[in-house]
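K.L.:
Once you've had a glance at the structure underneath, I'll fire off some questions.
No lab work stands behind these numbers, since they all come straight from the coordinates. Keep in mind that what you see is a predicted model, and the values were worked out from it rather than measured. Heads up, the Cβs are rebuilt from the backbone with ideal geometry, glycines too, and the neighbour counts pull from every protein chain shown.
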Amino acid sequence: MANLKESSFWEEGIYQWETSDPVLGGENGIDNVPTRQLANRTKWLKDNKLDKSATAASADLAKKAQVADKLSKARNVGGVAFDGSADIDLPGVNKPGNQNTSGNAATASYAAQIAARKIGGVIFNAKTDINLPGVNIKGNQDTSGNAATATKLQTICTINGVPFDGSADINATPAGAIQFFAMETAPVGWIKANGAALSRVTYANLYAAIGTRFGAGDGKTTFNLPDLRGEFLRGWDDGRGLDRNRIFASFQLDSVQNWTAGFTYQRAQIRQGYEPMEGGYTLKERSGVGLGYPLKEPAGWSVGFGVLGPGINNVARTSTETRPHNISLLACIKI
């Protein structure tokens, strides 16, 4: 046995039992509905101390309260004051900005019935939960402002001809490119072109680009880099005919082009000459013709010869190899 709960509220009408109504007791049972409605009217009249002449007007006022235009006490929605009298904007939801997302709104109170409003562009009447596309479910929202949490670009761009949407790193320089650097260590994204054997898996991009042209490594899991240490680079002939029958990526030893020596002949009067004798030659003095002194014996003639072409400053630079003027830099390959 318990007393009915009474509310200070003017009920618009009193429910009439029907012959088809089931017998159902309890707080919300249909048998107690009319009794509770009458009890609510009685308490409301007592609290407001009104006579019967004011009953009709008060009942109309109570009816209007069920469709109130605003809450009796303003509440905060996403940190923005909301009393139900007008739409509100939530910064960071339907317009640029940040909001405080700490806390749990599961216990927030709301009016039984208010005029429907929009929150983040979604109709909200406080009766049920709402979903905000782009916030708690997939969808789009106003993304102007700061995209600190973006995972990729909305529009794909190209960097040096390579598509880029921000979802992954790209290499603007293709794997296998050769570059010389004025430093002794390879920069990030490059490795020394020193003929080393590398993993075909770890360096998959480079392996796909050059394969085993410069060496097959162990023949299974590795491959070799080109070894450019101390080497000069030469453009691949590719059918031109200057470097005939040259295989791409092949090495070539140094060499000197074939050349033929020529001779000049000089005829001159001499005063001294060599005459053969047993075991070698001996020097014999002779008088020259046209030298301003008497001819003692017939003039002697001699033939001389020499190599065509002068040397460089008459000084020859020799070494163990043939090479041009040069400078040494670090050769690297893009991985």
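K.L.:
Give me Rg/Rg_expected for region 151-210, where Rg uses Cα atoms only and Rg_expected = 2.2 N^0.38 Å with N residues.
P.N.:
Values: Rg = 14.4 Å, N = 60, 2.2 N^0.38 = 10.4 Å.
Relative to the 2.2 N^0.38 Å estimate, region 151-210 comes out at 1.38.
K.L.:
By how many nm would the segment from Arg229 to Ala81 grow when fully extended, if each residue of separation counts as 0.36 nm and the alpha-carbon distance is taken off?
P.N.:
Values: separation 148, 0.36 × 148 = 53.28 nm, distance 7.26 nm.
Full extension of this stretch gives 46.0 nm more.
K.L.:
Follow-up question, since we're still on this one. Going highest first, how would you order 188-198, 317-327 by mean Cβ packing within 10 Å?
P.N.:
Values: 188-198: 15.1, 317-327: 6.4.
Highest-to-lowest ranking by the protection proxy: 188-198, 317-327.
K.L.:
Further question on the same structure: Out of residues 5 or more away from Val77 or on other chains, whose amide H comes under 5 Å of its own, with H placed 1.01 Å from N in the peptide plane?
P.N.:
For Val77, whose amide H was placed from the backbone, the distant partners under 5 Å are Phe82.
K.L.:
Right, here's the next one. So, R0 is 51 Å and r is the distance between the beta-carbons of Arg244 and Gln154; what FRET efficiency does that work out to, to 0.05?
P.N.:
0.40
K.L.:
Give, in nm to one decimal, the length gained when the segment between Val201 and Ser72 is fully stretched (0.36 nm per residue of separation minus the Cα-Cα distance). Write out the running numbers ahead of the final one.
P.N.:
Details: separation 129, 0.36 × 129 = 46.44 nm, distance 6.91 nm.
Gain on stretching Val201 to Ser72: 39.5 nm.
K.L.:
Need one number: convex hull volume per residue for region 183-227, Cα atoms only, in Å³. Please list the in-between numbers first.
P.N.:
Details: hull volume 3.1 nm³, N = 45.
Per residue, the Cα convex hull of region 183-227 comes to 69 Å³.
K.L.:
Cross-link list Lys95/Lys138; Lys70/Lys127; Lys5/Lys46; Lys73/Lys127; Lys5/Lys49: which exceed 22 angstrom alpha carbon to alpha carbon? Present the calculation step by step, with values, prior to reporting the outcome.
P.N.:
Details: Lys95/Lys138 17 Å; Lys70/Lys127 14 Å; Lys5/Lys46 15 Å; Lys73/Lys127 17 Å; Lys5/Lys49 20 Å.
Distance filter (> 22 Å) returns an empty set.
K.L.:
What length, rounded to one decimal in nm, is gained on full extension from Ser20 through to Lys5, with 0.36 nm per residue of separation minus their alpha-carbon distance? Don't skip to the end; give the middle numbers.
P.N.:
On the way: separation 15, 0.36 × 15 = 5.40 nm, distance 2.57 nm.
Extra length from Ser20 to Lys5 when fully extended: 2.8 nm.
K.L.:
Give the shape of region 193-262 as rounded, prolate or oblate, defined through the alpha-carbon gyration tensor: a ≥ b ≥ c are the square roots of its eigenvalues, a/c under 1.5 means rounded, and otherwise the shape is prolate if a/b is larger than b/c and oblate if not. Write out the running numbers ahead of the final one.
P.N.:
Working: a/c = 3.49, a/b = 2.38, b/c = 1.46.
Note, shape of region 193-262 comes out prolate.
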